[in-house]
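The numbers here are math on the coordinates, done by the rules we state, and not lab data. What you see is a predicted model; the values in this text were computed from it and never measured. Note that each Cβ is placed from the backbone with ideal geometry, even for glycine, and that neighbours are counted across all protein chains shown.
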Amino acid sequence: MELFSSTTKFDFVGKSRGFIIFSALSILASFGLIFGKGLNYGIEFAGGTEALVSFTGPTSLDDVRAVCDGIGLDQAELVRYGITDEGRYFVRSRTRSLLSPAEVDKVRASIVAKHGEPSMWDASDETGEEIRVRFEGAKTADELKTAALESGITGIEVSAQSGGSRPVFLMRMPSIRSRLTDSLKAKFGDSFKSVERLESVGSAVGEQMRNQGILALIYAILGILLYVTFRFDMRFGPGAILALFHDVVVTAGCFALFGWEFNLQIVAALLAILGYSVNDTVVIYDRIREVIRDTTGVAISDVVNLSINQTLSRTMITSGVTLISVLALLFVGGEITRGFAIAMTIGVIAGSYSTIFIASPLTIYLDKYFGKQEAASTQVSTAVSRP
């Protein structure tokens, strides 16, 4: 099946200079947006809480959001999960703890007033739900619980983490799960079923996951560079890598520009874009190498133009089918996969564009450069060999 005739003669190379300038400006603008405006990191990277709550049937998102705001979840976002009439929703918030520093100080003051200053007070837990405390004298968990509850904060549990005369006690403060469960049950009654899952990510963990995602992209690009260089040569490798770099940076730049959430799904999409883009580039590179082998005395620019035209139908069909799939995911896949679908849509378009207008023209420049180097080397060798 061909969308274009095998004899098409579109002058892609002749128009490449303008597209290269446009691509360079796009990369610079994307960098400016990424490092200037910044990416809107999701909970996995910035830290926060994500809960899956379920009801007996469809429920007003505004009512659920009001409950979340009421317990202190900052800027809670609600997303339907699964089938619409299932009544299951994702609740996402940047809040990692519902216990404010003032409330922690209130609990500490209540304990100090009852039992004196503790020898250890560790409230470094990022979720704010666990405090470790130790006293020089003998204390019991019940005594500490009674003193903590006198602060006016309910739901505190205390247990000994170690034995001996000076044990370390773990104080569990009211959790997001318990507060969210109690508030939803009070608001919706029997129509509320449960908090099926709740995950909290601290800022340190989020930063680690973000760094690992960046490393995954770097390793993938380096691996592709080695693959292309060994399969072809240095005339082809840099063009493929620059095209991949363009696709990833421009996609991330679009997310920075529009403030779309950047999370692990988007990192997965970027890795998929790398694979898609290099596959498209390798197909054209293979055709360029075949044409070079089968013809003599033809300028490299004409070879590249001919190769792009000969593979144009394949490129358009592959990109079109892929776009149909990701657009279906974008429009009917729901909120959960929307970010992934948006990234893939941008990446597929950028991947086809970069193969034709970045990777291929750069191959021409590199071929001319290495050709001049080889010619100069030959002249030097000839001059040296003369008596």
- prompt: Among MET234, MET316, which comes first, second and so on when ranked by fewest other beta-carbon atoms within 10 Å?
  reply: MET234, MET316
- prompt: How far apart, in nm, are two points set 7 Å out from the Cα along the Cα-to-Cβ line at ALA113 and at MET234?
  reply: 7.6
task: For helix 264-294, report the angle its Cα long axis makes with the longest principal axis of the Cα atoms of the chain; keep it between 0 and 90° and round to the nearest 10°.
output: 10
query: In nm, what is the difference between 0.36 nm times the number of residues separating GLU199 and LEU257 and their Cα-Cα distance?
result: 18.0 nm
query: Okay, helix-only estimate at 222 nm for the chain: each DSSP H run of n ≥ 4 adds -39500 (n - 2.57), divide by all residues, round to 500 deg cm²/dmol; what do you get?
result: -19500 deg cm²/dmol
task: Name all residues of segment 137-159 having a backbone nitrogen under 20 Å from the label point set 7 Å from the Cα of MET120 along its Cα→Cβ direction, giving them as ranges.
output: 137-145, 148, 157-159
task: Give me the lysines in straight-line cross-link reach of LYS106: C-alpha distance below 21 Å, same-chain residues under 8 apart excluded.
output: LYS114, LYS139, LYS145
- prompt: Between the helical axis of 360-385 and the dominant principal axis of the chain, each derived from Cα atoms, what acute angle in degrees is found, rounded to the nearest 10?
  reply: 60
query: Tell me, what is the FRET efficiency for ASP74 and VAL332 to the nearest 0.05, using R0 = 25 angstrom and their Cβ-Cβ distance as r?
result: 0.20
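With charges set only on the Cβ (+1 for Lys and Arg, -1 for Asp and Glu), what does the dipole of segment 101-174 come to about its Cα centre, in debye to the nearest 20?
260
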message: I'm spelling it out carefully: the read-out is Kirkwood radius over Cα pairs in Å, the candidates are (1) 21.0; (2) 25.6; (3) 21.7, and one was derived from this structure. Which label?
response: (2)
- request: Report the full-extension gain for the segment LYS185 to THR154: residue separation times 0.36 nm, less the Cα-Cα distance, to one decimal in nm.
  value: 9.4 nm
query: To the nearest Å, what is the center-to-center distance of segment 110-171 and segment 1-74, using C-alpha atoms only?
result: 45
message: So the label point goes 7 Å from the Cα of ASP63 along Cα→C-beta, right? Which residues of segment 185-209 then have their backbone N under 20 Å from it?
response: 185-196
- request: Pop a pseudo-label 7 angstrom from the Cα along the beta-carbon direction at both ILE221 and GLU136 and give the gap in nm to one decimal.
  value: 5.8
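Tell me, what is the percent relative contact order of the chain, built from C-alpha pairs under 8 Å that lie six or more residues apart?
Relative contact order for the chain comes out at 23 percent.
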task: Starting from the Cα-Cα distance between GLU207 and LEU25, subtract it from 0.36 nm times their residue separation and give me the gain in nm to one decimal.
output: 62.6 nm
